[in-house]
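All remarks here apply to the structure that follows.
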Ligand code: HEM
C-alpha cells in the first residue's frame, strides 16, 4: 500500500534524546547496558522515539502491536538489521539467523524440522547423560568448596546439548578441562554486538587486540566445525541410507545440499552449524543462570520448587524421563517469571524493506527499528504489579488474578515467522537443569558484596554470578541465613 506521505510525520518530528553533531547520542550510550538505556529513554520519550549512533538514525518502539506487526511481516516487508548481517557475514557465521528471503525459507525448514519437539523424546536419554556429567561437575565443586562460574558451566552444558542433538556428536565439554569450543564461542557474540553498534567499521582498517583475539577464536572454531562436518560426511558415506533418512540437522543439511533443487553451499552448512552453536549456547545458559540467581534471592520459592521436584523424582537425582520433566508447574511458572523480568533477549530489531508507517510516522526503508521486548512484559497494563518477581502469577486462575496477565505481551522467544525454532529444546534444558539443581544443591553467592548485574553482550547475561554450592542437607531445607538478605 502506497504511503500517504502528507498525513504522516517524519523522523525529524519524532521525539528523542537530543544529540550532538557527528556523534549523535553515542556519548550517552553505555553499550554494556544498552538495553537499559533504551528502556529508560522510552520512559521519557514514549512508545516510539528516535536516536542516533554517529550518522545512523534509529527508531525504538515499545508498542506491543507494532512489534508483533513488524515481526509478523518478516521476511517480506521487514528484515533483520543489515549491519548485523554484514558483521556476521564477515565472521563467516551467517546462517538462519541472518538469512533473508528465499535463502531464509530454505534454511528455516531444515532447522525447524531438526529441532522439532518430536525429536526430544528419543533424545532424552542422551540429554540425561550430559546432565549427569554436569551434576558430577557440580558435586566435585561442592565437595571442594570452590566457587562456580554458573554461566560458564552452563554454556558447556548447552553447547554439548546442541552438538549432540543437532550434529549427533558427543562434544563432552562438561568433562573437559583443556581448550574447548565454548571458550572460543564466548568471544563471538559480544564482538558481534560491539561491531554492530560501532559508528564506523574500524576493524576493516585496523585490528585492535580484541579483534585479533576474535580472529584466533574464529579460526579455531572453523577447524572444529569443519572437523564435525567431515566426521558426519564420512559417516554418511559409510551408510548411504542417512541421505534418505537423516538422523540430525547436520546430516539433513548435507543431504539437502546433495539433493537436486536445493541451492545450499558448503558455506551455508558451515554457517548454520556455527549459528546453531551460537544461538543455543548463551541464550539457554544465561536463562538458567538468571533463574538460579532468583533461587538465591527468593529462598521460599526455591524450597517450593524443590518440594515439587522431590514429589516427582522419588529417589532419583535427575529427571529419569521426559514426562517427569513435563510435570513441574511451579518450575515452569518460575522460569516464565524469570524470562519476563530477565529475558536474555530484551531487545530485538528489524528494518523495513520499503518506506513504511509506524504509529503515525513515516519510517524510511532501511531504518533500524529496535523492539523493547522486555518493556512490554514490564508494563502494569499487561502484567499486574509488573516489577514484582511473582511466579505464582502464572498459576492463578483468571478469576483469582484480579489484575492483567496478557501472555501475548510475553515474547522471550520473539514473534511471527522468525520465532525461535529452538524454544522446545531450550525449555526442556531449562526445566531439567533447574529440577536437578534444586534437588541436589544449596547455593549462595560466592561474594554477596558484589551485586549481580545485567550485562548486554548480544544476549543479556548476569555479571558477577559466582556461586558456592553445597550438597543438599538431609531433609533439604535451606536456611534463610544461607541466602543474601
Ligand atoms: C532460552 C533460550 C532461548 C531464547 C530466550 C531464545 C530467543 C530467541 C529470540 C528472541 C530469537 C529471535 C526471534 C525473532 O526474531 O522473532 C531467536 C531466534 C533463533 N533462535 Fe533462539 N532462543 C533460545 C534458544 C535457542 C536454541 C536452544 C536454539 C537452537 C539450538 C536457538 C536457535 C535460534 C535460531 C536458529 C534463531 C533464528 C530464527 C530465524 O531467524 O528464523 N535458540 N531465539
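A compact table of results
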{"read-out": "Burial ordering of 35, 27, fewest other beta-carbon atoms within 10 Å first", "value": "27, 35"}
{"read-out": "Calculated FRET value between residue 143 and residue 357, using beta carbons and R₀ = 60 Å, to 0.05", "value": "0.45"}
{"read-out": "For 223, 312, order by how many other beta-carbon atoms lie within 10 Å, fewest first", "value": "223, 312"}
{"read-out": "FRET E, pair residue 118, residue 397, Förster distance 41 Å, beta-carbon r, rounded to 0.05", "value": "0.85"}
{"read-out": "Burial ranking of peptide ranges 126-132, 335-341 (average Cβ count within 10 Å, highest at the top)", "value": "335-341, 126-132"}
{"read-out": "Ascending count of other beta-carbon atoms within 10 Å, so fewest first, for 247, 146, 284", "value": "146, 247, 284"}
{"read-out": "Among 50-57, 201-208, 384-391, the order from most to least packed when residues are scored by Cβ within 10 Å on average", "value": "50-57, 384-391, 201-208"}
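Readers should treat all values here as calculations from the given coordinates under stated rules, not as data from a laboratory. This structure is a prediction, so every number in the text was calculated from the model and none was measured. Cβ sites come from the backbone with ideal geometry, for glycine too, and all protein chains shown count toward neighbours.
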